[in-house]
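The structure appears below as structure tokens.
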Amino acid sequence: MGFVNFESAKESSMDFGGLPVEVVEAPRGAPSNTVLGTLPNIRKVLFSLFKGMSITLRYLLHPSTVVTQQYPENRNELKMFDRYRARLKFTYNEAREHHCTGCLICEMVCPNASIIIHNRKGPVTGKKEIDHFLWRWDICTFCNACVVACPHNALEMTGNFESAVYDRRLLIYNLNAYAGPPANALKKIEDPEERKKAMEARDVYCEFTPMAGASLPGIAPLAEKKEQD
């Protein structure tokens with residue numbers, strides 16, 4: 001490998017397209033102080049080597065300080081840190097009532113259309129309410145924009161990071177456990193029977209999910225996939 005001696009570089013000019021252009025000629029060759037310049041590099045390499053080995057030795061002598069997680073052996077007690085973003089889910093109160101009003105703000109702010117909301121007219125309230133809240137885990141970037149934009153704190157990112165499946169259609173499912181009005185609207189329904197009627201149970205893979213036979217962009221239902229094959 002050659003060395004550039006900038007101290008002995010000479011300025012000159014050359015003709016480029018009929019115009020004189022100032023250039024710098026930098027002669028290549030080993031400088032006279034090559035050995036003296038190499039010694040500091042050797043010291044730096046040795047220092048970084050001993051520094052890395054000291055960290056390894058400290059972990060060897062104090063195994064309780066090791067930060068590496070032994071996954072999946074520690075799956076039962078593994079807890080991700082608070083700001084970790086993984087699986088999206090609805091927030092519920094003590095009565096298992098969600099806070100989603102179906103305002104579509106989270107769907108609009110999602111940068112890659114990983115949220116698909118289907119609303120309906122409530123059979124009891126007669127107002128717009130959530131019917132199906134589809135979340136596509138397969139294309140979500142976990143940017144947290146939906147959680148931040150939600151005016152009702154109806155969504156949250158959890159530490160559940162396990163998403164290994166044999167069929168990626170399993171990564172598209174309903175977040176809402178029931179179709180119906182949010183918690184604050186349910187409180188206004190005094191009759192328990194009417195409140196129960198306003199909450200229709202929803203399965204994780206039903207209606208508009210590919211596992212239930214619906215077709216989504218890039219994800220075909222099982223029946224169509226067999227025909228294509």
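The Rg/Rh ratio for region 49-129 is 1.28, where Rg is the radius of gyration of the alpha carbons and Rh is the Kirkwood radius.
Please state, to two decimals, what the Cα-based radius of gyration of region 88-215 comes to when divided by 2.2 N^0.38 Å (N = residues).
Compactness ratio reported: 1.05.
The slack between LEU78 and ASN41, meaning 0.36 nm per residue of separation minus the straight C-alpha distance, is 9.1 nm. Using the Cβ-Cβ distance between LYS188 and THR158 with R0 set to 41 Å, the FRET efficiency works out to roughly 0.85.
When a/c is below 1.5 the answer is rounded, else prolate if a/b is larger than b/c, else oblate, so apply that to region 128-176 with a ≥ b ≥ c taken from the square roots of the Cα gyration tensor eigenvalues. The shape class here is oblate. The slack in the chain from VAL165 to LYS128, taken as 0.36 nm per residue of separation less the alpha-carbon distance, amounts to 9.9 nm. Other residues within the sphere of radius under 14 Å centred on the Cβ of THR141, judged by their own Cβ, net out at +2 (K and R +1, D and E -1).
Computed from the coordinates by the stated procedures, all read-outs in this text should not be read as laboratory data. Just so it is clear, the structure is predicted and the values come from calculations on it, not from any experiment. A quick note on method: Cβ atoms are made from the backbone with ideal geometry, for glycine too, and the neighbour counts reach across all protein chains shown.
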